[in-house]
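*Asks:* What follows is a structure written as structure tokens; I'll ask about it next.
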Amino acid sequence: MKNKILEFLYKKQDYVSGEDISRRMGISRQALWKYMHELRDLGYDITAVPHLGYRLVSSPDRLFPFEISVGLKTRILAKKIFYYETLPSTMDVAMELGLKGVPEGTIVLTESQTKGKGRLGREWHSPKYKGIYVSLVLRPDILPRETSVLTLVAAVGVCEAIKEVTGVSPQIKWPNDILINNRKLGGILTELNAEMDKVFFAVIGIGINVNNDNRSLCDGAVSLKEHIGERQNRTRILRQVLFSIEENYLSFKRQGSLLIMDKWRLFSSTLGRRVRVVCRKAGVKETDRAGRLFLEGEAVDIDIDGGLLIRLDTGILEKVTSGDVEYCR
Ligand code: BTN
């Protein structure tokens, strides 16, 4: 009900009489009064003036589920939202919920993480009320080797959403770093519950630096606020991210990965560049000064499984499926 009342107040942007709201919502004046109290307790500034009614003055910067649901145009994503002030990591909760059989599209959302996980065992810095930290439970009917496409789906969805809401077009560094001017804005982490030939469910974790100040950002990272120069509305961005990911996910389910790959190529900052991929791959023998194995060459394309194709100086085409890309120039 709170989301319906908010939606109504958002649309009106002016005073609305209590009688009018109660009638529209189909609730008593007393029930409305109780909901208004609850909303104020959550930080909504709602004025009440005799003979005029209620007016929403401002909303708190929180990702409350009922706020996310206002005007959310998805069909499967975020129909069920698990929301927390703080968590070690949304990934673990989403994996547990996946095992318990929650429906596809369930999301786990938090305002901060104490043990946010990044790729390759790294930490994802997740300060309170600054970013978007969300994990999605998906149940696609695909093989485990096809799941890297889900990461591409999420990366494309995040880029499209950010572009739609802010006008800024981020880039994707293979496999799933979201960048602005070569600094990290966000990332995607995919975890699976699967057997050799069956995926039971996948959890797609998305982290985006939205309102972080320079001092709350790690080296080499950027936030939308720092890039654009003003605070951004996290709720709006999250709603659009969910919508765009769902559009791409449904398109992938309907017609496979070709369209997603084309969109990914358009956002890619990796293709066409000389890259060094630090990776563990059979046959790779070269090591850098730190003793890490790597392949070096031109990143020419991604393949149907989301692997990166590199043309080595010998002319041989190599495919890497995981690793870290460094740009050589
Ligand atoms: C990366 O680029 O290394 C991936 C970062 C993924 C971070 C998100 S934040 C929400 C979800 N929960 C986590 O612990 N990690 C992912």
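*Asks:* Looking only at the stretch 43-51, decide whether some residue is within 25 Å of R231 (Cα to Cα), assigned to a loop (DSSP other than H, G, I, E, B), more than 12 Å from the ligand (Cβ to nearest atom) and free of Cβ contacts under 8 Å to residues at least 40 places away in the same chain.
*Replies:* yes
*Asks:* Please state which one of T90, T110 is surrounded by 16 or more Cβ atoms within 10 Å (Cβ to Cβ), near the ligand (Cβ under 9 Å from one of its atoms) and more than 24 Å from A194 (Cβ to Cβ).
*Replies:* Details: T90 fails: more than 24 Å from A194 (Cβ to Cβ).
None of the others qualify; the one that does is T110.
*Asks:* Another question, then. Identify, from the list R231, R239, the residue that is among the charged types (D, E, K, R), closer than 14 Å to G131 by Cα and assigned to a loop (DSSP other than H, G, I, E, B).
*Replies:* R231
*Asks:* Looking at the stretch 194-216, which of the residues that are within 19 Å of Q113 (Cβ to Cβ) and more than 14 Å from the ligand (Cβ to nearest atom) is surrounded by the most Cβ atoms within 10 Å (Cβ to Cβ)?
*Replies:* This residue is N211.
*Asks:* Assuming G101 fulfils every condition listed in (1) near the ligand (Cβ under 10 Å from one of its atoms); (2) on the phi > 0 side of the Ramachandran plot apart from one, which condition is it?
*Replies:* (1)
*Asks:* Which residues, counting only those in the stretch 205-221, are assigned to a loop (DSSP other than H, G, I, E, B), modelled with pLDDT of 90 or more and of a type in the set (A, V, I, L, M)?
*Replies:* V210 - this is the single residue of the stretch 205-221 that is assigned to a loop (DSSP other than H, G, I, E, B), modelled with pLDDT of 90 or more and of a type in the set (A, V, I, L, M).
*Asks:* Tell me, which residue of the stretch 302-323 that is assigned to a strand (DSSP E or B) and buried (at least 17 other Cβ atoms within 10 Å of the Cβ) is farthest from the chain's Cα centre (by Cα)?
*Replies:* E318
*Asks:* If you don't mind, another one. Going by the conditions given, is K115 more than 19 Å from D219 (Cβ to Cβ) and more than 10 Å from the ligand (Cβ to nearest atom)? Quick ask: steps written out before the conclusion?
*Replies:* Details: more than 19 Å from D219 (Cβ to Cβ): yes; more than 10 Å from the ligand (Cβ to nearest atom): no.
Criteria not met by K115.
*Asks:* Specify the residue that is farthest from E326 (Cα to Cα); the eligible residues are those in the stretch 167-182 that are more than 10 Å from the ligand (Cβ to nearest atom) and touching a strand residue (DSSP E or B) at 6+ places or on another chain (Cβ under 6 Å).
*Replies:* The extreme case among them is P170.
*Asks:* Please give the number of the condition Q255 fails out of (1) buried (at least 19 other Cβ atoms within 10 Å of the Cβ); (2) polar (S, T, N, Q); (3) within 19 Å of I304 (Cβ to Cβ).
*Replies:* (1)
*Asks:* Something else now. State whether one or more residues within the stretch 282-302 are touching a residue at least 60 places away in the same chain (Cβ under 8 Å) and farther than 24 Å from G157 by Cβ.
*Replies:* Step one: of the stretch 282-302, the residues touching a residue at least 60 places away in the same chain (Cβ under 8 Å) are 299, 302.
Next, only the ones that are farther than 24 Å from G157 by Cβ stay: none.
Among the residues of the stretch 282-302, not one is touching a residue at least 60 places away in the same chain (Cβ under 8 Å) and farther than 24 Å from G157 by Cβ, which makes the answer no.
*Asks:* Sort out for me the strands (runs of 3 or more DSSP E) sitting completely within the stretch 132-204 that have 1 or more residues that are free of Cβ contacts under 8 Å to residues at least 40 places away in the same chain and touching a helix residue (DSSP H, G or I) at 6+ places or on another chain (Cβ under 6 Å).
*Replies:* Numbers: elements: 171-173, 177-180, 183-195.
Fully inside the stretch 132-204 and qualifying: 177-180, 183-195.
*Asks:* Taking the conditions exactly as written (surrounded by fewer than 19 Cβ atoms within 10 Å (Cβ to Cβ), closer than 28 Å to K2 by Cβ, under 16 Å from the mean Cα position of the chain (by Cα) and within 14 Å of the ligand (Cβ to nearest atom)), does Y83 satisfy them or not?
*Replies:* Yes: the conditions hold for Y83.
Yes/no matrix, rows are residues, columns are (1) touching a strand residue (DSSP E or B) at 6+ places or on another chain (Cβ under 9 Å); (2) within 29 Å of D141 (Cα to Cα):
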site	(1), (2)
Q30	no, no
H37	no, no
R40	yes, no
V108	yes, yes
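*Asks:* Within the group E123, E160, E164, E191, which residue is under 16 Å from the mean Cα position of the chain (by Cα) and within 14 Å of the ligand (Cβ to nearest atom)?
*Replies:* E191
*Asks:* A further question follows. Is one or more of the residues making up the stretch 263-272 among the polar types (S, T, N, Q), modelled with pLDDT of 90 or more, crowded, with 18+ Cβ neighbours inside 10 Å and assigned to a strand (DSSP E or B)?
*Replies:* yes
*Asks:* Of the numbered conditions (1) under 19 Å from L242 (Cβ atoms); (2) within 16 Å of the ligand (Cβ to nearest atom); (3) assigned to a loop (DSSP other than H, G, I, E, B), K73 satisfies every one except a single condition; which is it?
*Replies:* (2)
The values are calculated or read from the model by the stated rules, or taken from the named source; none is laboratory data. This is a predicted model, so every value here is computed, not measured. Cβ coordinates were reconstructed from backbone atoms using ideal geometry, including for glycine residues, and neighbour counts include every protein chain displayed.
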